[in-house]
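Here is the structure we will look at.
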Amino acid sequence: TFVVRNLSNENMIVGNQNGAVLLYHDNTNTFSTTSFGAQTVFSSTNGDVSIFKVLHGNLSQGIGLGYNTILSTGSNTNITLTLQSKGSFPVNINTSGGATMASFTPGGAAQLYHNNTMTTRTTSYGAEIFFSSSGGNVPILKVAHSNATQGVGIGYDSVQSTGSNTNIPLNIRSKGSSNIQLSTSTEELMARFTPNGATELYHDNTKRIETTSSGATVS
């Protein structure tokens, strides 16, 4: 074991016989190498606990960044974990091959990717889910709340497919033999579409129009 101390006899560097190296600040261990990698230590009111770990061993392989059972002083019992980029650059999560998995922009937008293509994005008016076509990424689902665009929109916006078909149909499907239903917030039926192809329209939760194999009935 070797120890490097300052003139006040405070620890600065400690090397143990097992090969661990410990770095100190204000006589408190703040960084140490371990059998699983390395960790940065945060000194809280409950003692030293790790806030950053580079792990490689057993079931804990990978990199862990976060506060582990740390209590702060004062009325706040939790400490926020913050990831910050420099200047106007985004915070990105990438694969080992460099493909983007998620990106968080300085404007507050969160973008999620699949196969290095953005598929989901938060916006100033809500959120969008994108469809990747030959014409590029265009939104197919919007949850909007701004000015005249309040509500939820589902559809293909200026999407063109390849081949002779220039439009892509929007399909809404239920699972198995289940119906597709439109209802109010109080669960009153507005419309129902059954697996046999019947369309039922309602008023005041009562069926008024129904298509049948021979035509339609009006009640």
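The values are calculated or read from the model by the stated rules, or taken from the named source; none is laboratory data. None of the values given here were measured: they were computed from a predicted structure. For neighbour counting, all protein chains shown are included, and Cβ atoms are generated from backbone atoms with ideal geometry for every residue, glycine included. Surface accessibility is based on the protein's heavy atoms, side chains included, excluding ligands, DNA and RNA. Shrake-Rupley method; radii C 1.70, N 1.55, O 1.52, S 1.80 Å.
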In the range 89-107, how many residues are in a loop (DSSP other than H, G, I, E, B) and of a type in the set (Phe, Trp, Tyr)? 1
How many residues does the range 185-219 hold that are open to solvent by less than 50 Å² (accessible area, probe 1.4 Å) and under 30 Å from Phe130 (Cβ atoms)? 1
State the number of residues belonging to the range 88-102 that are loosely packed, with under 12 Cβ neighbours inside 10 Å and in contact (Cβ under 8 Å) with a residue 12 or more places away in the chain. 2
Just checking: which of the strands (runs of 3 or more DSSP E) contained wholly in the range 168-219 hold 3 or more residues that are polar (S, T, N, Q)? 206-212
Of all the residues that make up the range 206-219, how many are closer than 16 Å to Asn179 by Cα and not acidic (Asp, Glu)? 3
Answer yes or no: is there a residue in the range 53-65 that is hydroxyl-bearing (Ser, Thr, Tyr), loosely packed, with under 12 Cβ neighbours inside 10 Å and either modelled with pLDDT under 85 or not in a strand (DSSP E or B) (or both). yes
